[in-house]
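Quick notes on the structure that follows.
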Amino acid sequence: MKKKFSIIIPVYNCSKFISRCIESILIQEFNDYEIIIVDNGSTDDSGKICDSYERKYNFIHVIHQKNNGVSFARNIGLNAAIGEYICFLDADDYIDDGYFRYINEILSKNEKIELLNFGFYSDVENDKLEKKSSDKISYKSKLYKTHDEIKKDFINLWDNTMLYNIWNKIYLRKIICDNDIKFSNYNWGEDVEFNRRYLDKISTLYNLSDCYYHYIREREGALTKKFKLEIFDIRKKEFEDFNSYFESWNISKDEYYEFSCRRYIERLLGCIENIYCSNMSFIQRYNAIKKMINDDITREALKFMKPKSKKVFIIMLPIKYRLTFSTMIMGRMFHFIKSKLPGVFNRLKNRR
């Protein structure tokens, strides 16, 4: 029997959090949905917990597979989905009560909406799931009725963090299926690529300022805390890909380039901090950071970016003036705050 929503949840070693995620769906005052849980080769009790829910509820379906990455797991979920609309949850996140009831009301009144977008909370918790900090990330409510209307506000939607993630969106399954939109087989930036492909195929978008989703950041063991050797090359490629993407939308360079350069520099700061997640020697860190701040793309981006705040202006000064040792100190400070004061780091990042 066809459902209104298919909720896809990839799971990997989330035994501490998966029950809260599932329960946040079950308490909704709405039940026209199916939950597809893809256990991605968990080695803890995640699979057993998910199976226990499947035995209790006939609308919960659990798929067990080898660990082939989150992109593969989401694609498995898409292949199994039968709902008119698709939404994604991460296993350590959760939604507020009223989420589906309110969203269903909006979709029922506006049947031509091809993408529903909404705000979210950026939360930091301790190991006991006690909230340490929470920031609301949102953008003005507006119905975009044509491709041209989306295009006029496209850069602002990206700049206000509305289009990066998949879990603050409701997709039409027909558009995904008709255009064979899948997640790329890598685990860094796969959400962005999926959304860019989907946005290319739509003409209507409804952005809501309301927040229903709780995205948990900076938890111990999260992917963003691990050292990634190639992250700087990934960020450079993202810069080039975004520029090409905006060009494909026929958006002029004058409109998108400052945002693109600022986005690159902000993520460069993350690359510098990430160096301190490694066991590199002082000299290795010095050379790696020197290479980053002297890279041609970095020098180009610094010319065109306009910091939104005084703190970003101050932070970028050692990079601007190629002061490698000062940049190292800054990176070490960021790493300390991220590791020891994740709530403070979360607020700084969201309010940059």
Query raised in the report: Volume per residue, Å³, of the convex hull around the alpha-carbon atoms of the range 1-119?
Result: 105
Query - GNM result for the chain, Cα springs below 10 Å: residue of MET333, MET305, MET280 fluctuating most strongly - result: MET280
Query raised in the report: Most fluctuating residue of ASP32, ASP233, ASP127 in a GNM of the chain with Cα springs under 10 Å: which is it?
Result: ASP127
**Report entry** Amide H partners (placed H, <5 Å) of PHE30, local residues excluded
**Finding:** none
Report task. Compute the acute angle (0 to 90°) between the alpha-carbon long axis of helix 282-294 and the principal axis of greatest extent of the alpha-carbon atoms of the chain; round to the nearest 10°. Result -> 90
Query raised in the report: Could you give the distance between the Cα centres of the range 150-203 and the range 13-46, to the whole Å?
Result: 23
Query raised in the report: Can you run phi through the Karplus equation (6.51, -1.76, 1.60; θ = phi - 60°) for the range 327-337 and list ³J(HN,Hα) in whole Hz, with x for Gly and Pro?
Result: 5, 4, 4, 4, x, 5, 5, 4, 5, 4, 4
Requested in this report: Normalising by the residue count of the range 148-290, find the relative contact order in percent from Cα pairs under 8 Å and 6+ residues apart.
Outcome: 23
Report summary line: Per the helix-only model, the chain has a calculated mean residue ellipticity at 222 nm (DSSP H runs of ≥4, -39500 (n - 2.57) each, divided over all residues, rounded to the nearest 500) of -14000 deg cm²/dmol
Query raised in the report: When only the heavy atoms of the protein chains count and the probe is 1.4 Å, how do THR298, THR204, THR146, THR43 rank by accessible area, highest first?
Result: THR43, THR146, THR204, THR298
Query raised in the report: Taking only the alpha-carbon atoms of the range 115-210, what semi-axes of the equivalent ellipsoid follow from 5 times the gyration tensor eigenvalues under a square root, in whole Å, largest first?
Result: 25, 18, 11
Report summary line: For the range 42-48, Karplus-derived ³J(HN,Hα) couplings (6.51, -1.76, 1.60; θ = phi - 60°; whole Hz; x for glycine and proline) come out as 4, 9, 9, 8, 4, x, 5
Query - Probe 1.4 Å, all protein chains present, accessible-area order of CYS177, CYS277, CYS211, largest first - result: CYS177, CYS277, CYS211
Requested in this report: Express the relative contact order of the range 42-151 as a whole percentage, based on alpha carbon pairs under 8 Å and six or more residues apart in sequence.
Outcome: 11
Query raised in the report: Per residue, how much accessible area does the range 29-129 have with a 1.4 Å probe, in Å²?
Result: 44
Query - 25 Å Cα-Cα reach of LYS306 towards lysines, excluding residues that sit fewer than 8 places from it in its own chain - result: LYS136, LYS140, LYS151, LYS152, LYS236, LYS237, LYS253, LYS290, LYS291, LYS320, LYS338, LYS349
**Report entry** Most mobile of GLU300, GLU258, GLU273 in a GNM of the chain (Cα contacts under 10 Å)
**Finding:** GLU300
**Report entry** For the range 207-352: accessible area per residue (Å², 1.4 Å)
**Finding:** 52
Report summary line: Here the relative contact order (percent) of the chain, from C-alpha pairs under 8 Å and at least 6 apart, is 16
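The values are calculated or read from the model by the stated rules, or taken from the named source; none is laboratory data. Keep in mind that this is a model prediction, so the values were computed, not measured. Just the protein is used for accessible areas: all its heavy atoms, side chains included, with ligands, DNA and RNA removed. Shrake-Rupley method; radii C 1.70, N 1.55, O 1.52, S 1.80 Å.
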